[in-house]
Amino acid sequence: MANGREITALEGQTVLQAFLSNGIDIPHICYQPNLGPIKTCDTCLVDVNGKIVRSCSTQAESGSSVDYQSPRIRSLQVEATQRILHNHDLYCTVCDNNNGDCALHNTVHDLDISVQKYPFEPKPYPVDDTNPFYVYDPNQCILCGRCVEACQDVQVNETLSIDWSRDRPRVIWDNDVPINDSSCVSCGHCVTVCPVNALMEKTMIGRAGFLTGIEKRTKDRMIDAVKAVEPELTMSPVMAISNVESRLRKSRIKKTKTVCTYCGVGCSFEMWTVGREILKVQPVPESPANGISTCIKGKFGWDFVNSGERLTSPLIREEGRFRKASWNEALDLVAEKLRLIKEKYGGDSIEFIASSKGTNEEAFLVQKMARQVFGTNNVDNSSRFCQAPATTGLWRTVGYGGDAGSIMDIYNADLVIAVGTNTAESHPVLATRVKRAHKLDGQKLIVSDIRKHEMARRADIFIHPNPGTDLVWLSAVTKYIIDQGWEDEDFIASRVNGFSEYRKSLETFTLDFAQEITGIPKETLVKVAETIHQSRNMVILWAMGVTQHQMGSDTSTAISNLLLVTGNYGRRGTGAYPLRGHNNVQGASDFGAMNAYLPGYQPVTDAEVRRRFEKAWGCKLPDKPGFDNNTCLEGVKDGKIKAMYVIGEELLETGSDSNFIQEQLENLEFLVVEDLFLSETAKFADVVLPASASLEKEGTFVNTERRIQRIYRVMEPLQGTKPDWEIIQDVANRLGAGWNYSHPSEIMDEAASLSPIFAGVRYEKLEGFNSQQWPVNPDGTDSPFLYEKEFHFPDGKARFYPLKYTPPLSLNQEFDLHLNNGRLMEHFHEGNETYKSPGIREKVPGTFLEVSPELAKERGLETGDKVRVISKWGSVKVTVLVSDRVTGRELYMPMNSSGESAINRLTSRYMDPAAHTPAYKELPVRIEKLPGKRGESPLPRTNPRNATPKPQVGVQVEKKWARKDYEKLTTE
Amino acid sequence: MAKMIDGIETVDEEEMDSTSQIVDLLATHAGDIGSILELIAVARKSGIIDFLEALLERKGDATEVIVEEATKEQNMRFIRNILTIYTLLSRVNPDILRAFMENAAHSIEKSEEFRKEGSLGLLKINSQLKDPDVSAGLRVLISLAKGFTRREKDQ
């Protein structure tokens, strides 16, 4: 009972949570749903059965009597708030945080506080504005600890803490260094959760309010004037004015939900804009994949949208130059050229490459244009370059080419095995869930990688196999588990086919063999097997470290085999999780931009499937798989492919062996590129069509969890650009397609009507932050978790898939070093978007070559030296960074570079025979030191990798309570 | 053989699409646009637009002047006194104040009649003090009189 009213609480809810879910607002400032109770502010005090307690941290119990609003309780809540005001200068009307969501402002207003009991007293610390993205103003900091909690235990970067020992406590970075010199990765968690204006995005400052942009000196005098009259005025009228101003801001600031385009995690958030100006990215608790989490790119990396380098007019190649042209002229030319090429060589002479960053609807239209208009299955997307082997491994064993569950299943697992994934850098937000579970909940973590990255450093067991040998240790561990009788017999007997044949195939994978091939000691492999055996629920994450090998499909299959042997499918907290790299690499494949599959993974070879599409589209469909976007390049060389239509893909630099690709682009008779920028690929085009960015259009993406999410139009398309789906429709209609889509939802309706796994997908069900995870039944029910009852095969049973080991490309006398490559947290791919952000450029200005200390010593290299890296297929010039993240003769080069230092100037045309994914990670090279003066470190001093974090659990509020000046308000 | 092109040459071409879109929009909303243009013309003639332009251009200066003026001691005193009166007025029951003001007005109107009643001796005052309304009124006046100096004494 609460002041005479009955309140119902769910199991495990605190009093505050129960009240909030019953629509009763108890004042609270430090509590935030994603952070849980922090217990610093004391504003949520209530009386529970005669004791004054914090409602945020007191469990709701049946039969309790709660007083939350009597004068006595109100006076305590007011007292707590008054104490906070001592630390915060109230100037709401000229504050950029006065947007209706300031927790302190709202609490002061709700508690009707009109006179400040403890006048504001400035803290003796200057504003820290050293970070390129955000500012910390100690004078506005109320020491609630939200930022610390978010940094320490949600993001788990472990940089922020509050120094409670000072006369005037404050938030500090690492061991009290300026923000820009700290280990802060600029993920923005702290800024997002700050309830006041102590931590604020620089893009907000002076821009959010009508009066916030006035000159500082004038603003300060204004504030002083108001403060001077406050004794007579009281705070009420001032609050009233600021409330009015706050309401007026609603017409000034537009808040639009969108989804990040920087990786496959699918972080959604509100983007705050004034016109085309981005004020901030604000994730909200209901963001399904990420909650309040973002990474540096998602929070701060959107400058590219307003870059002056955006294309704003179609370009036509003419006499060795690009001429600006009207849309009509460019589209007519594209249609005419493609028609002529089809007539001359047939539809199979044209390759269509859909964008893995575009929407599902756009991917659907690309494949529809290829198939319906040109009668070819030559259509694909960049999953070919990264994730196709993982999909192949899952198709072989469990049936669906997608993650078995959701990110929460990874969070809830007892054991996470991460193979060939630099999760903290490539999927930073997903990594936070693993880091948190590992730090706070006892989750075990095993990491297999050739590089000692952050996840490896955190792991309980870190194994470093020889490059390209993961299949061997995975199979050896699986065999050892079976040999020990630790396999899940019931699961295998009832839910999996082919065990005996599979078991036989493992005979060669002894621990001795594994030790010899992988270099991992037998004892370590036994320890891995024991850890798996002792864990109730296990998930395995993997990424490019597995898939970008010739054995990528087989190693992915070995992962799934191990999960099947141990019964780690079909229960929450278990399963296989290939981590998708692009925001819509999953969706582009799901919606049919694949050379062998129609939308919803329906094979083009299936006559019944084709008939259904032919009926809907009124055409005859080809029955044989077409060229994918990797082998099509050999198709160009062989004269089979004459034209290409590339949408938003930097094929030249993300495909393997750029020198080879460049030759093939030059050989094409006609190349069309749709892009935001004049990409390296576009420079070879005959026609370049300027596309709108994701923020300028509507549609849906599918993230790594198979989660379909809507994006809304944050701003109008940049003048002169068009969304890809409109461009594709314009081209198709010039060739007689007769399409009439007026909104992407109509495209989704068509896709849903033709693809059983999307049967119940509807825009209405995806409103706001709602989402659906495929397969979606006709009634709209979706599938957050797969295989609970059956696997996706006709008999409902999974399949073991026997494997053999094929060695990767090996080093030799000429090419004696192994070069690995991948992403850095700050950049996406070659960086054509992220380098447009000055802050990101400041943190990571370019690529580099990580060289182990022992190799550096052997070759006389130091950080800042220039070397030439040479492979059989090309060479690049790059700066050395000596780092213990790599060892021995293994090198690492981040892929964030374009032009002459692009990593794919070195890579080969070797590929996975099943999925045709290039073996980017099998790269023997040699290095030559270049003469010249040693330069600066390629990682600036202010890069967070150079600093040392300060781990602790939470904000350590007990230290606040132990202070002499803290007077307890509770009676616990 | 398509060789790489590194830059874009600017050639004057009619942006036909954009232009035709703008013409279409203008045609569709011709009436509304006409009204807005008339409004703008009137506003321009009256000087409002010039004023707003100046205000926006010199926003910082204008705000500075306002703050400058507002923070002068004399003006601050004025503001504080106004606010004090506001506090008084916001605390007093309007019904009582209304009755007081009506009585005051009534008394002023009767001032000529009071003159006819001659001088006010102690006996007359004494008899008037027996009226409870007069007593209460005097108490208020005495209490107010104390208020002017109480703060100094308390200190």
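The values are calculated or read from the model by the stated rules, or taken from the named source; none is laboratory data. Predicted model, so just to flag it, every value in this text is computed and none were measured. Please note: Cβ atoms are built from the backbone with ideal geometry, for glycine as well, and neighbour counts cover all protein chains shown. When the accessible area is computed, the model is the full protein with side chains, heavy atoms only, and any ligands, DNA or RNA have been set aside. Shrake-Rupley method; radii C 1.70, N 1.55, O 1.52, S 1.80 Å.
How do the peptides A:721-733, A:503-515 rank, highest first, by the average count of neighbouring beta carbon atoms within 10 Å per residue? Before the final figure, lay out each step's value.
Working: A:721-733: 23.5, A:503-515: 17.0.
Result, highest mean first: A:721-733, A:503-515.
Across segment A:229-238, computed HN-Hα scalar couplings (Karplus, 6.51 cos²θ - 1.76 cosθ + 1.60, θ = phi - 60°) run 9, 4, x, 7, 6, 6, 7, 4, x, 5 Hz from first to last residue, x flagging Gly and Pro. Accessible surface of the protein assembly as shown, 1.4 Å probe: 53 percent of it comes from carbon and sulfur atoms. Among the residues of B:79-89, the average count of other protein chain beta-carbon atoms within 10 Å of the residue beta-carbon is 3. Is segment A:319-457 rounded, prolate or oblate when judged by the Cα gyration tensor, a ≥ b ≥ c being the square roots of its eigenvalues, rounded requiring a/c under 1.5 and prolate requiring a/b larger than b/c? Since a/c reaches 1.5 and a/b is larger than b/c, the shape of segment A:319-457 is classed as prolate. The residues of segment A:474-578 present an accessible area of 35 Å² per residue when probed at 1.4 Å with all protein chains retained. Between amide H atoms placed 1.01 Å from N, distances below 5 Å from A:ALA759 occur with A:VAL776, all of them 5 or more places distant or on a separate chain.
Restricting segment A:79-178 to trypsin sites (Lys or Arg not before Pro) that sit in a DSSP loop and have at most 15 other Cβ atoms within 10 Å of their own Cβ leaves A:LYS117, A:ARG166.
Charges at C-beta only: +1 for Lys and Arg, -1 for Asp and Glu. How large is the resulting dipole of segment A:7-162 about its Cα centre, in Debye rounded to 20? All intermediate terms of the calculation are to be shown ahead of the outcome.
Details: 9 positive and 19 negative charges, 92 e Å.
For this selection, approximately 440 debye.
A prolate overall shape is assigned to segment A:225-345, the ratio a/c of its alpha-carbon gyration tensor axes (a ≥ b ≥ c) being 1.5 or greater and a/b exceeding b/c.
What does the C-alpha gyration tensor say about the overall shape of segment A:817-919? Classify as rounded when a/c is under 1.5, otherwise prolate if a/b is larger than b/c, or oblate.
Details: a/c = 1.75, a/b = 1.03, b/c = 1.71.
It comes out oblate by the Cα gyration axes.
Remark on A:LEU849: its backbone amide H falls under 5 Å from those of A:THR879, A:VAL880, A:LEU881, a criterion applied only to residues 5 or more positions apart or on other chains, H modelled at 1.01 Å from N. Over the protein assembly as shown, with a single point scatterer placed on each C-alpha, what log10 of the ratio I(q)/I(0) does the Debye formula yield at q = 0.06, 0.07 1/Å? The Debye formula, applied to the Cα set alone, gives -0.57, -0.74.
Within the assembled protein chains, the solvent-accessible surface assigned to A:CYS92 is about 20 Å², based on a 1.4 Å probe.
Under a point-charge model restricted to the Cβ atoms of Lys and Arg (+1) and Asp and Glu (-1), what is the dipole moment magnitude of segment B:1-120 relative to its Cα centre, in debye to the nearest 20? List each step's numbers first, then the result.
Working: 13 positive and 24 negative charges, 299 e Å.
Taking the Cα centre of segment B:1-120 as origin, the dipole is about 1440 debye.
When chain B is treated as a GNM with alpha-carbon contacts under 10 Å, the residue of B:THR28, B:THR84, B:THR63 showing the greatest mean-square fluctuation is B:THR28.
Going down the table (A:LYS216/A:LYS250; A:LYS640/B:LYS3; A:LYS227/B:LYS45; A:LYS337/A:LYS637), which pairs top 31 Å between alpha carbons?
Details: A:LYS216/A:LYS250 24 Å; A:LYS640/B:LYS3 20 Å; A:LYS227/B:LYS45 41 Å; A:LYS337/A:LYS637 20 Å.
Distance filter (> 31 Å) returns A:LYS227/B:LYS45.
If you filter segment B:59-121 for trypsin sites (Lys or Arg not before Pro), then keep DSSP loop positions with at most 13 other Cβ within 10 Å, what is left? When the trypsin sites (Lys or Arg not before Pro) of segment B:59-121 are filtered for loop state and at most 13 Cβ neighbours within 10 Å, B:LYS72, B:LYS110 remain.
Per-residue accessible area (protein heavy atoms, 1.4 Å probe) orders A:ASP449, A:ASP112 as A:ASP112, A:ASP449, starting from the largest. Taking GluC sites (Glu not before Pro) across segment A:10-119, the ones in a DSSP loop with at most 15 further Cβ atoms lying within 10 angstrom of their Cβ are A:GLU11, A:GLU61. Take B:LEU97: with every protein chain present and a 1.4 Å probe, its accessible area is about 60 Å². Dividing the summed -39500 (n - 2.57) terms of all DSSP H runs of n ≥ 4 by the residue count of chain A sets its mean residue ellipticity at 222 nm at -8500 deg cm²/dmol.
Scanning residues 5 or more positions from B:GLU9 or on other chains, those with amide H under 5 Å from its amide H are A:PHE322, with H placed 1.01 Å from N in the peptide plane. Take the accessible area of chain A alone and of chain B alone, subtract that of the pair, and you get about 2900 Å² summed over both chains, using a 1.4 Å probe. Placing unit charges on each Cβ (+1 for Lys and Arg, -1 for Asp and Glu) gives segment A:851-972 a dipole about its Cα centre, and among A:PRO931, A:LEU906, A:GLY860 the Cα reaching farthest toward its positive end belongs to A:PRO931. The charge dipole of segment A:411-557, taken about its Cα centre with unit charges on the Cβ atoms of Lys, Arg (+1), Asp and Glu (-1) only, comes to about 640 debye. The angle between the Cα long axis of helix A:388-397 and the longest principal axis of the Cα atoms of chain A comes to about 80 degrees, rounded to the nearest 10. Inter-chain Cβ neighbour count for B:52-63, averaged per residue, equals 2 (cutoff 10 Å, partner chain atoms only).
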